1. To the nearest 10 degrees, how steep is helix 57-70 against the longest Cα principal axis of the chain, on a 0 to 90 scale?
2. Among Thr73, Thr158, Thr91, determine the one that fluctuates most according to a GNM of the chain built with springs between C-alpha atoms less than 10 Å apart.
3. In deg cm²/dmol, rounded to 500, what helix-only [θ] at 222 nm does the chain give when every DSSP H run of at least 4 residues adds -39500 (n - 2.57) and the total is split over its residues?
4. Work out the P(r) tail for the chain: percent of alpha carbon pairs separated by more than 23 Å, whole number.
5. So, in Å, what gap is there between the alpha-carbon centers of the range 113-145 and the range 26-92?
6. What is the range 94-235's relative contact order, in percent, from Cα pairs under 8 angstrom and six or more apart in sequence?
7. Roughly speaking, to the nearest percent, how much of the range 47-88's 1.4 Å accessible area is carbon and sulfur?
8. Place the peptides 33-41, 149-157 in order of packing, highest mean first, counting for every residue the other Cβ atoms within 10 Å and averaging per peptide.
Amino acid sequence: MDGTTTGPVDVPAAPYPLTLDPARTALVIIDMQRDFLEPGGFGEMLGNDVSHLARTVEPLATVLAAARAMGMTVIHTREGHRPDLTDAPPTKLARGNLSCGIGDPGPKGRVLVRGEEGHDIIDELYPVAGEAVLDKPGKGAFYATDLELMLRNGGITTLVVTGVTTEVCVHTTVREGNDRGFECLVLEDCVGSYFPEFHEVGLRMIAAQGGIFGWTTPSAAFLAAIGAPAEAVAS
Ligand code: TIU
């Protein structure tokens, strides 16, 4: 952290304010990949309307710019598999009875395969040097990855979770993080679902019961609380 904020801050959130220390907080960006966000990708092949996810890009780009300006830890994840698919459960490969599924050639290369165009992160949020890019075979970012090790080694206690999709990979990651003792704050406008109703209920599920899995808040509330530099927020 080389930012303007020192020490813990209170972030207005549901179900109650979350105290976090930006120096011990990681911005986690889940699966903002072409395969999920762009027409012709895996998300659309599953029968989804990808336009529902587009609204997350601009606010997330603002949060990412602020995190970079403040020197906050940033971690990007990508869901996908080795080219030989040895890390993909046969059940996952078979799911959906798709004519073009995981590993098959599609318009953006082999679907959800590492190294292929569709598997990579969209240009607007592309990682820069110093930001971890974590390849995960499952929905959760902790399963079969070294994320927990990286976070513990970095002294991270709080995750600001963003990305897609709200009720699938975001939810799974928040649940996994919560069980491991990390405080998880989900930025409401920086997560999205192909199903608006799942998005709404997914957010409510996180904050219900006194914050059973974590907290939720709009990105503007988070940025104001951490004292994000105005030029980063405006860019
Ligand atoms: N299909 C769906 O909603 N999501 C996924 O398959 N992966 C993620 O959420 N990243």
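1. 50
2. Ranking Thr73, Thr158, Thr91 by mean-square fluctuation puts Thr91 first.
3. After summing the helix terms and dividing by residue count, I get -8000 deg cm²/dmol.
4. Above the 23 Å cut-off, the chain has 45 percent of its Cα pairs.
5. After rounding, the separation between the Cα centres reads 7 Å.
6. 14
7. After summing per-atom areas, the C and S share lands at 50 percent.
8. Ranked from most to least packed, the peptides come out as 33-41, 149-157.
The values are calculated or read from the model by the stated rules, or taken from the named source; none is laboratory data. Note that the coordinates shown come from a computational prediction; the quantities given were computed from them, not determined experimentally. Backbone-built Cβ (ideal geometry, glycine too); neighbour counts: all protein chains shown. Each accessible area value is taken on the protein alone, full model and side chains, heavy atoms only, with ligands, DNA and RNA left out. Shrake-Rupley method; radii C 1.70, N 1.55, O 1.52, S 1.80 Å.
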